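Readers should treat all values here as calculations from the given coordinates under stated rules, not as data from a laboratory. From a predicted model like this one, the values you see are computed outputs, not experimental measurements. With ideal geometry, Cβ positions are generated from the backbone for all residues, glycine too; neighbour counts draw on all protein chains shown.
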Amino acid sequence: MAKHAGVHEKGTFNLQTLMASIKQREDCEKTGAVALFVGVARGEDNDGHKVKKLVLEAYEEKANEIFEKICTDLQRRTGIVDVQIHHLLGEFNVGEDLVYVAVAGSHRQEVFEVLREAVERYKHEAPVFKKEQIVDKTGKDTGAWVSEPNTAKNSP
């Protein structure tokens, strides 16, 4: 069975493992809905440059601690059976999976609300670092560590 949350080297964890861990829970019969967020490597950066690949690293001990705290906090919500966050690390091509966030609960309303909060929290709280290898507008290959824009301010 998979851990509740954490970082994993690319190739050691996948969506099937995540779903199996949810369905193998002793209290799985309380689940009426499972919502998933799968973050994938985007082929364009925020400035419109072509992304060739991503490299993801983390302060693993702290990231695991934060992921676990987020999951524990959110799992206490009424109707929520399970919350899991699993972030992959390593080198990724465009389109490859980077992160899985799953919320299982009694009803879809609670599940969707908690899923959104779990995604926003991990994006802003966890020490996971992304380096984009891009081709700039002049055709030059470059790489830079980037941070995510603060989308929480712009969210409805």
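7 Å from Cα along Cα→Cβ at both K30 and A144: what's the point-to-point distance in nm?
Modelled inter-label distance: 4.7 nm.
Round to the nearest 0.05 the FRET efficiency obtained for E44 and T17 when R0 = 30 Å and r is the Cβ-Cβ distance.
For E44 and T17, the calculated efficiency is 0.55.
Give me the Å³ per residue figure for the convex hull around the C-alpha atoms of the chain.
For the chain, the hull spanned by Cα atoms encloses 109 Å³ per residue.
Once you put a point 7 Å from the Cα of K52 and another 7 Å from the Cα of F112, both along the Cβ direction, what distance in nm separates them?
My value for the distance between the label points is 4.1 nm.
Take R108, R76 and order them by how many other Cβ atoms sit within 10 Å, fewest up front.
R76, R108
Can you give the extra length, in nm with one decimal, that the chain gains between D136 and E68 once fully stretched, where that is 0.36 nm per residue apart less the Cα-Cα distance?
Extending this stretch completely gives an extra 20.7 nm.
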